[in-house]
1. Select from the stretch 112-147 the residues that are of a type in the set (A, V, I, L, M) and in a loop (DSSP other than H, G, I, E, B) and write down the one among them that is nearest to Asp25 (Cα to Cα).
2. Name the pairs whose Cβ atoms lie under 6 Å apart, with the first residue in the stretch 23-39 and over 13 Å from Leu57 (Cα atoms), the second surrounded by fewer than 17 Cβ atoms within 10 Å (Cβ to Cβ), and 6 or more positions between them or separate chains?
3. Within the stretch 67-101, track down each residue that is among the aliphatic types (A, V, I, L, M), over 14 Å from Arg143 (Cβ atoms) and free of Cβ contacts under 8 Å to residues at least 12 places away in the same chain.
4. Hey, Glu64 hits all of (1) closer than 18 Å to Gln142 by Cβ; (2) open to solvent by less than 60 Å² (accessible area, probe 1.4 Å); (3) modelled with pLDDT under 95 but one; which does it fall short on?
5. Go over the candidates Ala94, Ala88, Ala83 one by one and state the one that is surrounded by fewer than 19 Cβ atoms within 10 Å (Cβ to Cβ) and not in a loop (DSSP other than H, G, I, E, B).
6. Considering every residue within the stretch 68-78, establish whether at least one is over 25 Å from Arg133 (Cα atoms), aliphatic (A, V, I, L, M) and in contact with a strand residue (DSSP E or B) (Cβ under 7 Å, 6 or more places away or on another chain).
7. Please go through the stretch 67-80 and give me each residue that is in a loop (DSSP other than H, G, I, E, B) and either in contact with a Leu (Cβ under 9 Å, 6 or more places away or on another chain) or buried (at least 17 other Cβ atoms within 10 Å of the Cβ) (or both), ordered by number.
8. How many residues are in contact (Cβ under 8 Å) with a residue 40 or more places away in the chain and not in a helix (DSSP H, G or I) when one looks only at the stretch 6-18?
Amino acid sequence: MTVRPARAGDVADVAALDRHLFGPDAWSTAQVEEELVGERRRAWVAGDPLVGYAVTLRVGDPVELVDLQRIAVRPDHRRRGLAGALLAAALADAADSGADRMLLEVSADNPGALAFYAAAGFAEIDRRRGYYRDGADAVVMQRALDG
C-alpha cells in the first residue's frame, strides 16, 4: 500500500477516520487541517480510500526534535505493516530535517502500541499521570535519529 505526503484535499478523509478511531478524543476538522498543512507539521496518508495517517510536529529552530503527534490505521488494515510504513516515513523525514530525536506519547493502557514503538527503537523516558481523558497515564517515549 502506498504512503504519500498528505495534502489539503485529505483533510475530510483524515478527519472522518480520526473521529471513527478516537471518538470523543478526535481532532476537530480545523485541528486536522492545521495538523496536515500547518507550519512545522508533516503528515502522510496511506490507501485509497484512506486507511491510515501519521502526523509530526517539528520543534526548534533549527529543528531539534520531531514530535509524533498521531499515527493511526483502520482496525481492518492493522497488522499488515502499514503503521510501520507510516512511522518509517515520519522517521526519515525527521532525520532529513536535522532533528536528533523523535518523541511521542502513548497510553500506558495500550500494550500493542507500546510494543510497536519499542520494536521501532523507542524507549520510555517519562510518564504523565492521568494524561488521557479516560485517566490513563501517557508514556513518553524517545528515539535517537541519524540526522
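1. Ala136
2. Asp25/Arg133; Ala26/Arg19
3. none
4. Against the list (1) closer than 18 Å to Gln142 by Cβ; (2) open to solvent by less than 60 Å² (accessible area, probe 1.4 Å); (3) modelled with pLDDT under 95, Glu64 comes up short only on (2).
5. Working: Ala94 fails: surrounded by fewer than 19 Cβ atoms within 10 Å (Cβ to Cβ); Ala83 fails: surrounded by fewer than 19 Cβ atoms within 10 Å (Cβ to Cβ).
The conditions single out Ala88.
6. no
7. Across the stretch 67-80, the qualifying residue is only Arg74.
8. Summing the residues that are in contact (Cβ under 8 Å) with a residue 40 or more places away in the chain and not in a helix (DSSP H, G or I) in the stretch 6-18 gives 1.
The values are calculated or read from the model by the stated rules, or taken from the named source; none is laboratory data. This is a predicted model, so every value here is computed, not measured. Cβ: placed from backbone, ideal geometry, glycine included. Neighbour counts: every protein chain shown. SASA here: full protein model, heavy atoms, side chains in, ligands and nucleic acids out. Shrake-Rupley method; radii C 1.70, N 1.55, O 1.52, S 1.80 Å.
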